[in-house]
Amino acid sequence: MTPDELEAELDALPPGQVPAMASLARRVRGEALALPNAALRRAESADAGRVLAARHLVGELDDLTIRAILDAASPPSVEHQVWRLGTAVAAIVSLRARAAERLREALGDRRRVPIEPYPPHIEEQPYPRRVCDEAYLMLRELLHVGESRGRFALDARAYLRLTDDEKDAEIARITAGEPFTRLVDDLEA
Amino acid sequence: MSDPILVAASRRAGEGGNTVVEPPEVRRIVVAQGIEFTRQNRHDLIAKHPDASPEAVASVLAGIFPDAMPARVPGVFLYEWEGRHRALYYSATQHVMYAMETVDDKRRFMEALGTEGIIVIYDGHARYGRGPCFGPDPAPGDDWEAGTEPTYRGLFRMGFPHIAVPVHEVLTHGYRATLLPASEPRPDRASCDPDMRPHVDRLAPLRVSAMHPDSAVVAQLARQVGVEPEGDERFWTYHATGDAEHGRECHVVLRAGWSDPSYPFNLAATELRCRMFCHLGCSTFSHNYPVLRKLKGWKREGDARFAYWTTAPSLSGTTVTFLSHLMTYPEYSAGESWVPWLRYGVRKANQELRRTGMKYQLI
């Protein structure tokens, strides 16, 4: 599919239709992963002479290899299995570090995020937030992997209820390398 | 193995008829539409605003269940039977038949909760955590609280015993409010909704006359509370900013009681037999998850007793989003565990919510 063909497909897509979009996404993903998949197959061939350059390329492809590895069928050997997992995890860690770096930069941005107000009949309104608040919550979600989804959801809500000064103090704490504060004491009643 | 009921059409004539297809798994889904969020309410809203922009109308229409489903998932069949709007959809990939229907009164909602094996989705106001609330139209009155006909209308109480709401909410909805009198002890934190807990230490007793600067408003509030405007009764209150429109204002503490024996339409008095319950009103993970899962003790049991909530203030239309992703799960699912199917539906719905700028997720 060429970029022009993709544009045409998007123009022809019925708005909001779930299966049509899923089908297009599968095609785009399949085509985008064709080359990483080919490199992966070669990297696991029985011919040792063909493997070295292919493994090098898979490593260089970084995040492009993650999906290819995770979607691939079982590898032919234990050695390949460990190599695959190590390659995928290295790419994920590298990607996460890059995202965290961007988020840390955004922790200093105090601009308000414009939020479309909910219709007046909606009882509760979204809490106001700044770019740094969004970055704080995303960083917490990204890095604080020991925190359950439920714990994160409640603490995120509690964080957004704080005053700007209180939020700034929490941001200063994590910027200084301290752990994220648990803001809700109990998940229990 | 269940009896085969379908025979492939190609085998029916002259080919021996020995190729059979297992019947699909039927997943029955009851969508309970709360006060102000019924299908009819939303069509009325569009009719009342003939000058609304096409985008605004399209936005409302896109959230109406079941009307919006065929545009999202081709093949959904809509029909009306026994006064209820319904939808049918068969996923050949999943080999699952979806049989969906709407209800918009409390009795049918409670019947659905007590029906073995089905999915119940409540789509409506969370009432600041008090619970699902039903009524034929959004006019001010007791349908926003205990209900003018409590069997069919008003709250199904599902919240913590004490919930605080801003005074403007009581006034706008015009219901008789049961405030917590200051003659009773200050409520302990554990009995309060999580949104109220940061304010418990600074609860202050106030007369109704001190809850609002406008004497006409005080008179209205007093009528709703059932006291004299200049009366000496005091109630537990605190001041806080609820939203930008109303600014800092008085919040009153209501008796909310998921287990109040004087009001039988509550969670404690209800035996849930459904296989899954979703409350898609505002911030229900904070308001109601602990009550259902911890206080009521309705916990996940293997492949049953699933529950889903929202993490923050939500908009109507979440039901359409969630169901359309469940119905298009791209794997065989009949007779299998519901876990992969639900994980997929939640993940895809959350991706869509994020993509469209929503500040809440399903959990």
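Odds and ends about this structure:
- Test: residue in region A:155-169 that is of a type in the set (Ser, Thr, Tyr), within 14 Å of chain B (Cβ to nearest Cβ) and not in a loop (DSSP other than H, G, I, E, B): yes
- In summary, B:Asp44 fulfils each of the numbered conditions (1) at pLDDT 90 or above; (2) surrounded by 14 or more Cβ atoms within 10 Å (Cβ to Cβ); (3) part of a helix (DSSP H, G or I) with the single exception of condition (2).
- Against the test of being closer than 26 Å to B:Ala92 by Cβ and either outside the structural domain of B:Ile29 (by TED's automatic domain parsing) or touching a Pro at 6+ places or on another chain (Cβ under 7 Å) (or both), the options B:Ala312, B:Ala334 yield a single qualifying residue, B:Ala334.
- Considering only residues in region B:156-181 that are touching a Leu at 6+ places or on another chain (Cβ under 8 Å) and more than 21 Å from B:Trp258 (Cβ to Cβ), the one that is surrounded by the most Cβ atoms within 10 Å (Cβ to Cβ) turns out to be B:Val167.
- Counting only residues that are free of Cβ contacts under 8 Å to residues at least 24 places away in the same chain and closer than 20 Å to A:Arg67 by Cα, region A:3-31 holds 7 of them.
- Entry remark, region B:242-293: residues being β-branched (Val, Ile, Thr) and without any contact (Cβ under 8 Å) to a residue 12 or more places away in the chain number 0 in total.
- Only helices (runs of 4 or more DSSP H) whose full extent lies in region B:250-363 are considered here, and the ones with at least 1 residues that are away from chain A (no Cβ under 14 Å) and either more than 15 Å from the chain's Cα centre (by Cα) or under 25 Å from A:Ala158 (Cβ atoms) (or both) are B:339-355.
- Of the residues A:Arg50, A:Arg41, the single one that is modelled with pLDDT under 95, touching a helix residue (DSSP H, G or I) at 6+ places or on another chain (Cβ under 6 Å) and farther than 30 Å from B:Thr321 by Cβ is A:Arg50.
- For region B:187-220, residues that are crowded, with 17+ Cβ neighbours inside 10 Å, outside any helix (DSSP H, G or I) and more than 22 Å from the chain's Cα centre (by Cα) total 6.
- Taken together, the residues in region B:95-138 that are within 14 Å of chain A (Cβ to nearest Cβ), modelled with pLDDT of 95 or more and part of a loop (DSSP other than H, G, I, E, B) amount to 7.
- Leading residue by the ranking (surrounded by the fewest Cβ atoms within 10 Å (Cβ to Cβ)) among those in region B:336-363 that are at pLDDT 95 or above and of a type in the set (Gly, Ala, Ser): B:Ser337
- With a requirement of 3 or more residues that are within 14 Å of chain B (Cβ to nearest Cβ), the helices (runs of 4 or more DSSP H) lying completely within region A:5-110 that satisfy it span A:18-32.
- Top-ranked residue of region B:48-94 - restricted to ones that are of a type in the set (S, T, N, Q) and assigned to a loop (DSSP other than H, G, I, E, B), ranked as farthest from the other protein chains (Cβ to nearest Cβ): B:Ser53
The values are calculated or read from the model by the stated rules, or taken from the named source; none is laboratory data. Small disclaimer: the values here were computed from a predicted structure and weren't measured. In this analysis, Cβ positions are derived from the backbone assuming ideal geometry, glycine residues included, and neighbour counts consider all displayed protein chains.
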